[in-house]
Amino acid sequence: MTRLLLTILFTLGVVFLYRTININLFSVDLPRKTSNELFKLGSELEMDESVVIMNVGKLHPTEISSKIDMLLSYGPKRIGVNLCHFNSSIKGVAERYAGNDHVVFTNCGQGPNSLSRIINDGNTVTHFKSDNDKYFETNVSNSWNKIKQRGNSQERINYRGTGRHFFQADLSNPDSFFPEIVEDNVVLVGYIGDYITEEIYDYTSCRITPLNPYYGDDTTPDMYDTQISANIIAAINNDDFINDFPLITRVLILLAFSFLNVLLLTFIRTKWIVLNLTIYAIIFLVFMFLTPMIILYLFERNYFLELDELPMILIITTIFTVFSNIWSAKASRH
């Protein structure tokens, strides 16, 4: 009974520690590494033609109105415009379309039509706000009911990608796209670099996402705000949400692993120390290879499970149980 109570305390302590300190166990950190790689599995997804990205590049604010008018003539479902990269005021451009329900401008501050993406420490973006219908992406997608039915204050972004997954074109060059690309689709007008390239050279309005090759380490941004909005809108339009496990559920899963580890180490033992250590190592390795398989299985079904704390919990409970076994053995001999 004492072992189980201490196991609960160890588990809760590690969960609390991980929520306050960034702990990296490097080579044994398989659950975290698996979680960091999950969205990269979507690199083979087909292009989502329902969302089109038009890059303003080096266009001046005074040139953009005529480009928006051109896009409107092609019959888009809705146009979302993000010009927050400009240092100068774009108020005049936005006011021109104030009465047009087909054009939604980003509010670069707080309030209605502000971007819903949540910027975490380190400029990373993994979730978007979904607590009301006033956000830019919600208004552009015009699908608030889909989000409202889920009842979450925030959602994990189901990242598809950028250039290979959404059609991107330079707005300054109308010859780079056909009107059919725009017709009946959502069009996002915003900055994704001075020119469209595979590499990012300008980090204006740019964030770090789980698609970054070095996500989880100190790295440079890999996706512009407009591209993040495209991923959010695509998930809303396709009803393709990622379901996060609540903290209490995660803790219960971690406790289940902890209890199982302690029980196995308590009852599977011999009188030979070397053999016992070998058994303990095998049990640890089995857990480490089983966990990524569970995480991947759930992700393929649109569930995201983080078990970053598990390696530390297993190490602590293993050390504790081994010493408890030794103490019990000595006590029984006396």
**Request:** Answer yes or no as to whether Asp225 is of a type in the set (Asp, Glu) and open to solvent by less than 10 Å² (accessible area, probe 1.4 Å).
**Result:** yes
**Fill in**
Filtering region 178-191 for residues that are more than 19 Å from Asn238 (Cα to Cα), in contact (Cβ under 8 Å) with a residue 24 or more places away in the chain and in a loop (DSSP other than H, G, I, E, B) leaves a count of 1
**Request:** Please work out if Ile248 is open to solvent by 10 Å² or more (accessible area, probe 1.4 Å), aliphatic (A, V, I, L, M), at pLDDT below 95 and over 17 Å from the mean Cα position of the chain (by Cα).
**Result:** no
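This table checks each residue for (1) among the hydroxyl-bearing types (Ser, Thr, Tyr); (2) assigned to a helix (DSSP H, G or I); (3) at pLDDT 95 or above.
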residue: Glu137; (1), (2), (3): no, yes, yes
residue: Thr162; (1), (2), (3): yes, no, no
residue: His165; (1), (2), (3): no, no, no
residue: Asp175; (1), (2), (3): no, yes, no
residue: Gly193; (1), (2), (3): no, no, no
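For the condition surrounded by 14 or more Cβ atoms within 10 Å (Cβ to Cβ), within 18 Å of Leu4 (Cα to Cα), aliphatic (A, V, I, L, M) and in contact with a Pro (Cβ under 8 Å, 6 or more places away or on another chain), what is the one hit in Leu310, Leu254?
Details: Leu254 fails: in contact with a Pro (Cβ under 8 Å, 6 or more places away or on another chain).
The conditions single out Leu310.
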**Asked** Restricting the first residue to region 224-235 and requiring it to be touching a residue at least 12 places away in the same chain (Cβ under 8 Å), which pairs with a second residue that is assigned to a helix (DSSP H, G or I) meet a Cβ separation below 7 Å and a spacing of at least six or different chains?
**Response** Ser229/Phe136; Ser229/Glu137; Ile232/Glu137; Ile233/Glu137; Ile233/Val140; Ile233/Ser141
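Output the residues belonging to region 236-246 that are touching a residue at least 40 places away in the same chain (Cβ under 8 Å) and either over 22 Å from Asn113 (Cβ atoms) or of a type in the set (A, V, I, L, M, F, W, C) (or both). Show your work before the answer.
Narrowing region 236-246 to residues touching a residue at least 40 places away in the same chain (Cβ under 8 Å): 236-245.
Scanning region 236-246 gives Ile236, Asn238, Asp239, Asp240, Phe241, Ile242, Asn243, Asp244, Phe245.
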**Prompt:** So which of Asp240, Asp202 is out of contact with any Leu (no Cβ under 7 Å at 6 or more places or on another chain) and surrounded by 13 or more Cβ atoms within 10 Å (Cβ to Cβ)?
**Reply:** Asp202
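Given the options Thr2, Thr7, Thr34, name the one that is open to solvent by less than 40 Å² (accessible area, probe 1.4 Å) and at pLDDT below 90.
Details: Thr2 fails: open to solvent by less than 40 Å² (accessible area, probe 1.4 Å); Thr34 fails: at pLDDT below 90.
Unique residue meeting the criteria: Thr7.
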**Request:** Inspect region 70-89 for any residue being in contact with a strand residue (DSSP E or B) (Cβ under 6 Å, 6 or more places away or on another chain), of a type in the set (Lys, Arg) and either surrounded by fewer than 22 Cβ atoms within 10 Å (Cβ to Cβ) or at pLDDT below 95 (or both) and give the result as yes or no.
**Result:** yes
**Request:** Pull up region 149-186, narrow it to residues that are open to solvent by 50 Å² or more (accessible area, probe 1.4 Å) and under 20 Å from the mean Cα position of the chain (by Cα), then point me to the one that is nearest to Gly57 (Cα to Cα).
**Result:** Arg164
**Residues located in region 257-282, provided they are surrounded by 17 or more Cβ atoms within 10 Å (Cβ to Cβ) and either aliphatic (A, V, I, L, M) or more than 21 Å from Ile8 (Cα to Cα) (or both)** = Val262, Leu264, Leu265, Arg269, Asn276
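The values are calculated or read from the model by the stated rules, or taken from the named source; none is laboratory data. For clarity, every value in this text was computed on a predicted model and none was experimentally measured. All Cβ positions, even for glycine, are placed from backbone atoms using ideal geometry, and neighbour counts span all protein chains on display. Quick note on the areas: whole protein, heavy atoms, side chains included, nothing else; ligands and nucleic acids left out. Shrake-Rupley method; radii C 1.70, N 1.55, O 1.52, S 1.80 Å.
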